[in-house]
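Readers should treat all values here as calculations from the given coordinates under stated rules, not as data from a laboratory. From a predicted model like this one, the values you see are computed outputs, not experimental measurements. Because the Cβ atoms are built from the backbone with ideal geometry, glycine has one as well, and the counts that use them run over all protein chains shown.
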Amino acid sequence: MTTRNSRQTAEAILAGIGASTALAELRAPAWEPPAPLGQRGPLPSFPVHALPSWVADQVSAVAEETQTPLDLAGCVGLAALSTAAGGRAVVNVRGSWTEPVNLFVLVAMPPGSRKSAVFRAMTTPLSNAEKALLERIGPQITEAEVARRLAMDVAEKAARTAGSARGEAAPEALAEAQSAALAVESIKVPVKPRLIADDITPETAASLLVEQGGRLAVLSAEGGIFATLAGRYSGTPNLDLFLKGHAGDPLIIDRRGRTERVDHAALTMGLAVQPEIIADIAGMPGFRGKGLLGRILYSLPKSNVGYRRIDPPPVPEHVAARYDANLQHLTIAMHAWDDPARLVLSAEAAGLFTEHRSRTETRLRPDSGDLGHITDWAGKFDGAVMRMAGLLHLAAHIDDAWRRPVTADTVSAAITLGEYFTAHALATFDAMGADPDLEAARVVHAWLQRTRVTRFTVREAFTALPRSRFRKVTELEAPLDLLEQLGWIRREPEPPRTGPGRRPSPAYAVHPSLSA
């Protein structure tokens, strides 16, 4: 009798559990499309409103004409401002902390995204400025070259005379030869202005940068420079120029028996690459370990190929003319600076930036901060904000930026740009495999996709997954939580307990797309 009653009781409990589970399934909300792994929600669009009006208008108009995301023209526009002012201005942040205003910017877009057209529209004024600088300095180059040739002729003749002089005439002839040689060395032929390089080796780029007084920009609608840095031609990675050129460190070049030095190298990089380059550079030797990847501002805009207007309006002439004139003006005006212009923050701007830095610091915490797994990038985030603030300030006050303090509004705009690049950096480093929780979630996701289960418990997952990957059940908590946030799984309500013993293992329903 007791056995029969026990069986009936157990059957009733199981029936109740089954009924409650069925009821829970009926009440469960419909499945929404899951978010892709590696993307914690949609990425923000480029905040074009943070740019000065003459840059913002050009970015918007170029994006409309080319039917490309604002991100592409916006990022290339920032690289263009960096080319115009890089190496010629620094921001005095606080105390001895200064930031140069050169940037490394990378946009990833698929083939056929009209990257080259956007690059031309946003960088042509730099080429025009380069031509204008050459026209201005051309006569000086010619004059110096002629004077140097004549001085060399005199020096050679004096050297021959000194070589054949004898007796009392010898010392005087030697002195004249030495004087003539010094006269040759004193005549410096101005270097032809060069602002931009494309597919260039680090060695050639270093020589160009020294010749140009410490600044150069590598701007390209391709990503070949990364293969070159990784040793495509030399077989050995060579990152020193790009590391020093971003930080503003001294650069020393030894050539033909003489040494040339730049006290503060300033290199700009603006690239538009295909998305697979992101994965490639993550595996290139030294790129992350030496800090190159942490110096880049990344942008991963959503492609609109297939949804573009066929006959969009062209860039208005007055917008293009204003952009060309202002960017040329800024480039030429800053080119004349030998010592960098020093930009200072207003008291209000300094206070705003201090608040921003406090927020950044908490985000760097390894246990709870969203930037704790990319501190190599996030550790330079605040410096990048200041660099952008300096560029925005220079672009807003082309003629007298160094006479005005950087305002709180400008710093706020730079912070807005910084938050945009932070979201895209998180997605970029996720794609590179920098987030251990995301990598663990991918392992679980692959198991669900392979087995096509519709439901599982944590204990079942732990038993099935590689022990080399998950050594303890608790190591599944973070990846399962992430998969649930992204909509791939849904935790079921915990069933009622039927007596003493350990709690049932948590169970999850699986998105139908994984079991289809």
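Just how far, in whole angstrom, is the range 155-180 from the range 32-78 if you go by their alpha carbon centroids?
About 69 Å separates the Cα centre of the range 32-78 from the one of the range 155-180.
Need one number: the % of Cα-Cα pairs in the range 180-316 sitting beyond the 24 Å mark.
The answer is 42 percent, as a whole percent.
Output the 0 to 90 degree angle, nearest 10, between the alpha-carbon long axis of helix 381-396 and the longest principal axis computed from the alpha carbons of the chain.
Approximately 50 degrees, to the nearest ten.
Please name whichever of Ala35, Val184, Ala378 sits farthest to the positive end of the charge dipole of the chain, dipole taken about the Cα centre and charges placed at Cβ: Lys and Arg +1, Asp and Glu -1.
Ala35
Near Lys192, which lysines are there with a Cα under 21 Å away, not counting those fewer than 8 places off in the same chain?
Hits, sequence-local ones excluded: Lys131.
Let's see if you can work this out: charge +1 on each Lys and Arg Cβ, -1 on each Asp and Glu Cβ, no other charges. What is the dipole magnitude of the chain about its Cα centre, in debye to the nearest 20?
Dipole magnitude for the chain comes out near 1820 debye.
What spacing in nm lies between the two simple spin-label points modelled at Tyr307 and Arg136, each 7 Å away from Cα in the Cβ direction?
It works out to 4.5 nm between the two label points.
Assuming a viscosity of 0.692 mPa s and a temperature of 37 °C, what translational diffusion coefficient in µm² per second does Stokes-Einstein assign to the chain, Rh being the Kirkwood radius over Cα pairs?
Answer, rounded: 121 µm²/s.
Which ³J(HN,Hα) values in Hz, rounded to whole numbers, follow from the phi angles of the range 192-199 under the Karplus curve 6.51 cos²θ - 1.76 cosθ + 1.60, where θ = phi - 60° and Gly and Pro get x?
Going residue by residue, I get 5, x, 9, 9, 10, 10, 10, 7 Hz, with x marking Gly and Pro.
What FRET efficiency, computed as 1/(1 + (r/R0)^6) with R0 = 41 Å and r the Cβ-Cβ distance, is obtained for Thr375 and Ser412, rounded to the nearest 0.05?
0.95
Quick check: from the Cα gyration tensor, does the range 92-156 come out rounded (a/c under 1.5), prolate or oblate?
Oblate, because a/c is 1.5 or more while a/b does not exceed b/c.
Which FRET efficiency, nearest 0.05, do Lys290 and Ala169 yield, Cβ-Cβ r, R0 60 Å?
Taking R0 as 60 Å, the efficiency between Lys290 and Ala169 is 0.45.
Could you state the number of Å between the C-alpha centres of the range 309-341 and the range 361-403?
Comparing the Cα centres of the range 361-403 and the range 309-341, I get a distance of 24 Å.
Leaving out same-chain residues fewer than 8 places away, which lysines sit with a Cα under 26 Å from that of Lys290?
Partners within reach: Lys244, Lys380.
Expressed as a rounded percentage, what relative contact order does the range 371-481 have, with Cα pairs under 8 Å and six or more residues apart?
Once divided by the residue count of the range 371-481, the mean separation gives 25 percent.
Given just the C-alpha atoms of the range 279-323, how large is their convex hull per residue in cubic angstrom?
About 134 Å³ per residue, rounded to a whole number.
Specify which residue in the list Ser468, Thr204, Trp54 is farthest towards the positive end of the charge dipole of the chain, using unit charges on the beta carbon of Lys, Arg (+1) and Asp, Glu (-1), about the Cα centre.
Positive-end residue among those listed: Ser468.
I want to verify the translational diffusion coefficient of the range 308-384 in µm²/s; compute it with Stokes-Einstein, Rh as the Kirkwood radius over Cα pairs, at 37 °C and 0.692 mPa s.
In µm²/s, the coefficient is 192.
Considering only the chain, what is the antiparallel percent among its DSSP beta bridges, to the nearest 5?
Close to 40 percent.
Along the charge dipole of the chain, which of Leu126, Leu327, Leu352 sits closest to the positive end, that is, farthest toward it, with unit charges on the beta carbon of Lys, Arg, Asp and Glu (+1, +1, -1, -1)?
The one lying farthest along the dipole's positive direction is Leu352.
At 0.36 nm per residue, minus the direct Cα-Cα distance, what do Ser186 and Glu361 gain on full extension? Give it in nm, one decimal, please. Spell out each step's value before the answer.
Details: separation 175, 0.36 × 175 = 63.00 nm, distance 5.24 nm.
The Ser186-Glu361 span can extend by a further 57.8 nm.
Wrap a convex hull around the Cα atoms of the range 391-516, take a quarter of its surface area, and give that in square nanometres.
It is 12.9 nm².
What nm value, rounded to one decimal, do you get for the distance between Trp337 and Glu222 when each label is placed 7 Å out toward the C-beta?
Inter-label distance under the simple model: 3.4 nm.
Would you mind working out the magnitude of the charge dipole of the range 415-516 relative to its Cα centre, with +1 at each Lys and Arg C-beta and -1 at each Asp and Glu C-beta, to the nearest 20 Debye?
Around 700 debye, computed over the range 415-516.
Out of residues 5 or more away from Ala197 or on other chains, whose amide H comes under 5 Å of its own, with H placed 1.01 Å from N in the peptide plane?
Answer set, sorted by chain and number: Ala217, Val218, Leu219.
Run lengths n ≥ 4 of DSSP H only: what is the helix-derived mean residue ellipticity at 222 nm for the chain, with -39500 (n - 2.57) per run over all residues, to the nearest 500?
Taken over the chain, the calculation gives -17000 deg cm²/dmol.
Tilt of helix 317-335 relative to the longest C-alpha principal axis of the chain, in degrees (0 to 90, nearest 10)?
Long axis of 317-335 versus the principal axis of the chain: about 60 degrees.
Round to the nearest 10 and give me the degree value, 0 to 90, for the angle of helix 347-363's Cα axis relative to the longest principal axis of the chain.
The two axes meet at around 50 degrees.
Please state the shape class of the range 416-487: rounded when a/c is under 1.5, otherwise prolate if a/b exceeds b/c and oblate if not, all from the C-alpha gyration tensor.
Prolate is the answer for the range 416-487, as a/c is 1.5 or above and a/b outweighs b/c.
Assuming a ≥ b ≥ c are the square roots of the Cα gyration tensor eigenvalues, decide whether the range 38-144 counts as rounded (a/c under 1.5), prolate (otherwise, with a/b larger than b/c) or oblate. The partial results should precede the final answer.
Numbers: a/c = 2.46, a/b = 1.36, b/c = 1.80.
Oblate, since a/c reaches 1.5 and b/c is not below a/b.
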